[in-house]
Amino acid sequence: MSRFIQVIVEDRDGQCHQQELSVGQSLMQQLCQADFDIEAVCGGCCSCATCHVLIDHQRVGPAESLEQALLSGTTDYHPAFSRLSCQITVDWDLHNQRIIIAQED
Ligand code: FES
């Protein structure tokens, strides 16, 4: 079985990009490496919310309480879709899903 999945990433200009992701790796790190506009100021410590993405919670699960507190203070917050990409490890459930880079605060 392949170690890679395909997703659609929608950037802040609304452009959609087919993107290959490695299973088992951080979503935030892979989005950064692919030059999507993710600041990730805290480096993945769940303390900045600059890695905010919109993604179906049915696929990745809801945010934990600290993550939820950070997300709820962002301007592009959507309760059923907001997640911090540094808190997501890519797995098979994300295959063919759409990931939207949230607008900056
Ligand atoms: S990189 Fe800072 S919260 Fe994700």
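The values are calculated or read from the model by the stated rules, or taken from the named source; none is laboratory data. Note that this is a predicted model, so its numbers are computed, not measured. Here Cβ is always computed from backbone atoms with ideal geometry, including for glycine, and neighbour counts include all displayed protein chains. Areas reflect the complete protein model, heavy atoms only, side chains present, ligands, DNA and RNA absent. Shrake-Rupley method; radii C 1.70, N 1.55, O 1.52, S 1.80 Å.
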Would you kindly derive the ³J(HN,Hα) couplings of segment 78-89 from the backbone phi angles with the Karplus curve 6.51 cos²θ - 1.76 cosθ + 1.60 (θ = phi - 60°), listing them in order in whole Hz, with x for Gly and Pro? 10, x, 8, 10, 6, 8, 8, 5, 6, 9, 10, 9
Roughly how many nanometres apart are two label points built 7 Å out from the Cα toward the Cβ at Leu66 and Cys45? 1.0
Radius of gyration and Dmax for segment 4-101's Cα atoms, expressed in Å? 12.1, 33
How much of the accessible area of segment 1-104, probe 1.4 Å, is carbon plus sulfur, in whole percent? 45
Might you report the magnitude of the Cβ-based charge dipole of segment 4-101 about its Cα centre, with Lys and Arg at +1 and Asp and Glu at -1, to the nearest 20 debye? 160
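Which value, in Å², gives the accessible area per residue of segment 4-101 when a 1.4 Å probe is used on the protein heavy atoms? Please report the intermediate quantities before stating the final value.
Values: 5050 Å² over 98 residues.
With all protein chains present, segment 4-101 gives 52 Å² per residue.
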If amide H atoms are modeled at 1.01 Å from N in the peptide plane, then the residues at a separation of 5 or more from Ser82, or on another chain, having amide H under 5 Å from its own are Ile55
